Amino acid sequence: MKKQIMVFLAAAILLSGCATPKEFYATGGSRSDGTVKLSYEYGGFEKPIVDPNQGAQLAASKCAVWGYTGAEAFGAAEQSCVFANGYGCQRFRVTVEYQCTGSPSR
């Protein structure tokens, strides 16, 4: 009985996945539209931990290069599968779009 419990606990731990910190990186944008797209990726058994402040700061810094004064996230995050096999999706990408704020300097 103890062996069955140990096997069950080990399986539960493995299937629960690992909490893994992730950071946003730039994946697109448009100076004329004043938008920046940021993404992060995670594996099928990972539980991503994301700091929204890191994304907001990165977006604001990208917008600042274009002369804007800040950035705000808008819309819902989009999740897509970037690697799948016979067992389903093994790698996901989450993308958040930010709107640059403030009048751009020329």
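The values are calculated or read from the model by the stated rules, or taken from the named source; none is laboratory data. Remember, predicted model here, so these are calculated numbers, not experimental data. Here the Cβ is made from the backbone with ideal geometry for all residues, glycine too, and neighbour counts use every protein chain on show.
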Take the conditions touching a strand residue (DSSP E or B) at 6+ places or on another chain (Cβ under 7 Å) and at pLDDT 95 or above and apply them to E46. Does it pass?
no
Every residue in region 37-80 that is within 15 Å of T27 (Cα to Cα), surrounded by 18 or more Cβ atoms within 10 Å (Cβ to Cβ) and over 14 Å from the mean Cα position of the chain (by Cα), please.
A60, K62, C63
Of the conditions (1) part of a loop (DSSP other than H, G, I, E, B); (2) in contact with a strand residue (DSSP E or B) (Cβ under 6 Å, 6 or more places away or on another chain), the single one that S32 does not satisfy is (2)
Of all residues in region 66-81 being of a type outside the set (F, W, Y) and in a loop (DSSP other than H, G, I, E, B), the one that is farthest from S32 (Cα to Cα):
T69
Could you check C63 against (1) over 22 Å from T20 (Cβ atoms); (2) in contact with a Leu (Cβ under 9 Å, 6 or more places away or on another chain); (3) assigned to a helix (DSSP H, G or I) and say which number it fails?
(2)
Test set (1) over 14 Å from the mean Cα position of the chain (by Cα); (2) in a helix (DSSP H, G or I); (3) modelled with pLDDT of 95 or more; (4) aliphatic (A, V, I, L, M) - A84 fails condition number
(2)
I need the full set of residues from region 81-97 which are surrounded by fewer than 14 Cβ atoms within 10 Å (Cβ to Cβ) and either among the small types (G, A, S) or touching a Leu at 6+ places or on another chain (Cβ under 9 Å) (or both), in order please.
A84, G86, G88
